[in-house]
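Read the structure below first, then the notes.
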Amino acid sequence: MVSITARPAVTVPVRRVPRPDLRKAARATLAPVLSVGLALGAWYAVSMLVLSPQRRFLLPPPHTVFAESFGNPKTVETMLHALAVTARVAVTGLGLAAVLGVAIAVLMSQAKPIENVVYPYAVVLQAIPVLAVVPLIGLWLGYGFAARTTVCVLIAIHPIIAMTLFGIKSVDRNLRELFTLGRAGRARRLWSLELPAALPSILTGLRTAAGLSVTGAIIGDMFFAQGKPGIGTLLDTYRARLQSEDLIAALLLAALFGVLVFAVFTVVQKITVGRWHTSAH
């Protein structure tokens, strides 16, 4: 008679499907909603409680702005066309600032005498008020697209130079010595080590410069009125005519565009370096 011994059942581990973190998503959504709600509440409080009815035109309540300004298709169309002009100037200025800023920072990182000569001018450029330089820019370049773009470059270039130079200089010394042992030339060390390692810092500088470029484009619109009007031109026009509803609506559109540009570069940073660097989290 053959005896059969029962073998213990083999348990197969069940792989759990990760569930979405609803609490984290709720918190991420709740914070902006609360922020917008508090801002609207403060806006209503100042408009309805602090200002008298005779002075309420200085800060109309939100529902008046949305009804009389955003509710007018012609006004919205005019603002969107002006915002497109400002966006073109801001993107062009940011692109030029990125190319020039990274190139200047790379040159300074390769030779200490170049850094000693160039970096003080970058600091002075950042310290000088742009409004003081705007009249000279108008005299030299006219009062059109070139002058507006130059203002964007002057405002946005310093963070790119500073962060790129910081990132290149922060490369691990052991990695530098490893490339030295491998007899890597200066160009190979730059492209294979220094620029990839400095990428998080470069993107941080670009993200900061993006918002500054939008500010520069709006300033250029206000001072250089030749060509198509930008959102800054409309802001100055609405201010002169005391069109408070349209003025606030244009301000909101400009702020929304600035937030959008900042968000785009935040997403680019997360996609590019989010898997291996903590600066994107």
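The values are calculated or read from the model by the stated rules, or taken from the named source; none is laboratory data. Model, not experiment: these values are computed from the prediction. Quick reminder, even Gly has a Cβ in these numbers, built from the backbone with ideal geometry, and neighbours come from all protein chains shown. These area figures cover heavy atoms from the full protein model, side chains too; ligands, DNA and RNA do not enter into them. Shrake-Rupley method; radii C 1.70, N 1.55, O 1.52, S 1.80 Å.
Kindly evaluate L247 against the criterion of being touching a Lys or Arg at 6+ places or on another chain (Cβ under 9 Å) and under 23 Å from L59 (Cα atoms). Yes; evaluated as a whole, the condition is true for this residue.
Those residues that are in contact (Cβ under 8 Å) with a residue 60 or more places away in the chain and surrounded by 13 or more Cβ atoms within 10 Å (Cβ to Cβ), I need them from the stretch 101-136; list them, please. Selection gives G101, V102, A105, V106, S109, Q110, V130, V134. In a residue-by-residue description of the stretch 146-156, the property of being open to solvent by 60 Å² or more (accessible area, probe 1.4 Å) and without any contact (Cβ under 8 Å) to a residue 60 or more places away in the chain applies to no position. Considering only residues in the stretch 237-251 that are open to solvent by 60 Å² or more (accessible area, probe 1.4 Å) and in contact (Cβ under 8 Å) with a residue 12 or more places away in the chain, the one that is nearest to the chain's Cα centre (by Cα) turns out to be L251. Of the residues making up the stretch 90-100, those that are free of Cβ contacts under 8 Å to residues at least 60 places away in the same chain and among the polar types (S, T, N, Q) number 0.
The one condition from (1) buried (at least 17 other Cβ atoms within 10 Å of the Cβ); (2) farther than 28 Å from F223 by Cα; (3) out of contact with any Pro (no Cβ under 9 Å at 6 or more places or on another chain) that R56 does not meet is (1). Within the stretch 205-231, the set of residues being surrounded by 24 or more Cβ atoms within 10 Å (Cβ to Cβ) and more than 14 Å from G93 (Cα to Cα) comprises G205, F224, G230, I231.
The residue pairs whose first member lies in the stretch 186-205 and is touching a residue at least 12 places away in the same chain (Cβ under 8 Å), whose second member is buried (at least 18 other Cβ atoms within 10 Å of the Cβ) and not in a helix (DSSP H, G or I), and whose beta carbons are closer than 7 Å, counting only pairs six or more residues apart or on different chains, are L193/V171; E194/V171; A197/V171. Total residues in the stretch 59-83 satisfying the condition of being at pLDDT 90 or above, open to solvent by 50 Å² or more (accessible area, probe 1.4 Å) and in contact with a helix residue (DSSP H, G or I) (Cβ under 9 Å, 6 or more places away or on another chain): the figure is 2. Here G227 clears all of (1) of a type in the set (G, A, S); (2) more than 29 Å from A132 (Cβ to Cβ); (3) at pLDDT below 85 except the condition numbered (2).
Residues in the stretch 88-95: is at least one closer than 30 Å to G227 by Cα, open to solvent by less than 20 Å² (accessible area, probe 1.4 Å), basic (K, R) and modelled with pLDDT of 85 or more? No, the stretch 88-95 contains no residue that is closer than 30 Å to G227 by Cα, open to solvent by less than 20 Å² (accessible area, probe 1.4 Å), basic (K, R) and modelled with pLDDT of 85 or more. If you go through the stretch 191-200 and keep only what is open to solvent by 20 Å² or more (accessible area, probe 1.4 Å) and either closer than 12 Å to G167 by Cβ or outside any helix (DSSP H, G or I) (or both), you end up with L195, P196, A197, L199.
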